[in-house]
Amino acid sequence: MQKLIDLYGKCTIPKNTLLFRGHADTSFDDCMFFATKKWVAGAFNNEIQIWHTKTDITVLFLVEYVDKRSWTISALPRLFNNIFPLESNPDFDDLDIKHWDINRRNKLTSELHDKYKIFGWLTSLENKIELEVCLFDKQVNANHLQLLDIVDRKGHNYFKDSLFRIKIYPTKSFYDKTIQKLNKQAPYTTIEKDCYKEYKRMINALINEEVQKGMDNIEAKHYYFDLRLKLKI
């Protein structure tokens, strides 16, 4: 496990962290996907399953870099290509691994579980801003997770982003690639050298707009929370 952590980084999902699942089936499975925000899970199903972790869980951090839009680019294809070089494809994206070929995904999760004792990962949701947690092995999931509630996606409870609680330990490579992207990309005009300060100021302005429209201030902060704010980059 240590070798993969050195290559990709790791995350610790603390005990009692909430995870949100937009799925109709509440049974444990060998591969379960969760959002860190309730509203993201609501994009997949009208009813949202609210799970929590019964113990600390260590997972891989599978993000190549973050750009100025806060889009998080998945390292899942690189992981698959490195572990299975004879089946590698430079054109794979994260959906090629996660969803378009279930046998490919199951082969990877089984290898990670059986050989490396890794039980999950944190990566992007289709290379956009939102993040997704994948936890695998049915018995491990039964030991690590508990279903707490099922709620309608339009409700205002459970609005906090669990990314606040998750501890992330990226690699130097992640920071190097991210800084390179931030220095090159300029979707909005800036004369500041500190990209994070400007980004945070922009997010604060969006939060203030939401509050003026009637959203609770704390809810607005969680609504706009993302990996750039988490890691202050």
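The values are calculated or read from the model by the stated rules, or taken from the named source; none is laboratory data. The model shown is predicted, which means the values in this text are computed figures rather than measured ones. For neighbour counting, all protein chains shown are included, and Cβ atoms are generated from backbone atoms with ideal geometry for every residue, glycine included.
For segment 194-231, how many residues meet the condition of being farther than 26 Å from residue 64 by Cβ, assigned to a loop (DSSP other than H, G, I, E, B) and not hydrophobic (A, V, I, L, M, F, W, C)?
Result for segment 194-231: 3.
What do you reckon, is residue 28 among the aromatic types (Phe, Trp, Tyr), crowded, with 16+ Cβ neighbours inside 10 Å and farther than 17 Å from residue 161 by Cα?
Yes; evaluated as a whole, the condition is true for this residue.
Determine the pairs where a residue that is under 7 Å from residue 153 (Cβ atoms), located within segment 38-50, has a partner that is aliphatic (A, V, I, L, M) and assigned to a helix (DSSP H, G or I) with Cβ atoms under 6 Å apart, the partner being 6 or more residues away or on another chain.
Note: pairs meeting the criteria are 48/41.
Name the one entry in 175, 169 that is of a type in the set (Phe, Trp, Tyr), free of Cβ contacts under 8 Å to residues at least 60 places away in the same chain and surrounded by fewer than 16 Cβ atoms within 10 Å (Cβ to Cβ).
Criteria check complete, one pass: 175.
Going by the structure shown, is residue 107 touching a residue at least 60 places away in the same chain (Cβ under 8 Å) and out of contact with any Ser or Thr (no Cβ under 9 Å at 6 or more places or on another chain)?
Taking the combined requirement at face value, the residue does not satisfy it.
When you check residue 179 against the structure, is it modelled with pLDDT under 95, under 25 Å from residue 10 (Cβ atoms) and not aromatic (Phe, Trp, Tyr), yes or no?
Considered against the rule, which asks whether it is modelled with pLDDT under 95, under 25 Å from residue 10 (Cβ atoms) and not aromatic (Phe, Trp, Tyr), residue 179 comes out as yes.
Residues that are closer than 26 Å to residue 56 by Cα and either acidic (Asp, Glu) or within 15 Å of the chain's Cα centre (by Cα) (or both), at least 1 per element: which helices (runs of 4 or more DSSP H) completely within segment 81-163 meet that?
The helices (runs of 4 or more DSSP H) meeting that bar are 94-98, 102-116.
Only residues in segment 199-216 that are without any contact (Cβ under 8 Å) to a residue 40 or more places away in the chain count as the first member; pair them with residues that are among the β-branched types (Val, Ile, Thr) and surrounded by 13 or more Cβ atoms within 10 Å (Cβ to Cβ), Cβ under 9 angstrom, at least 6 apart or cross-chain, and list the lot.
Pairs that qualify, where the first residue is without any contact (Cβ under 8 Å) to a residue 40 or more places away in the chain and the partner is among the β-branched types (Val, Ile, Thr) and surrounded by 13 or more Cβ atoms within 10 Å (Cβ to Cβ), are 215/207.
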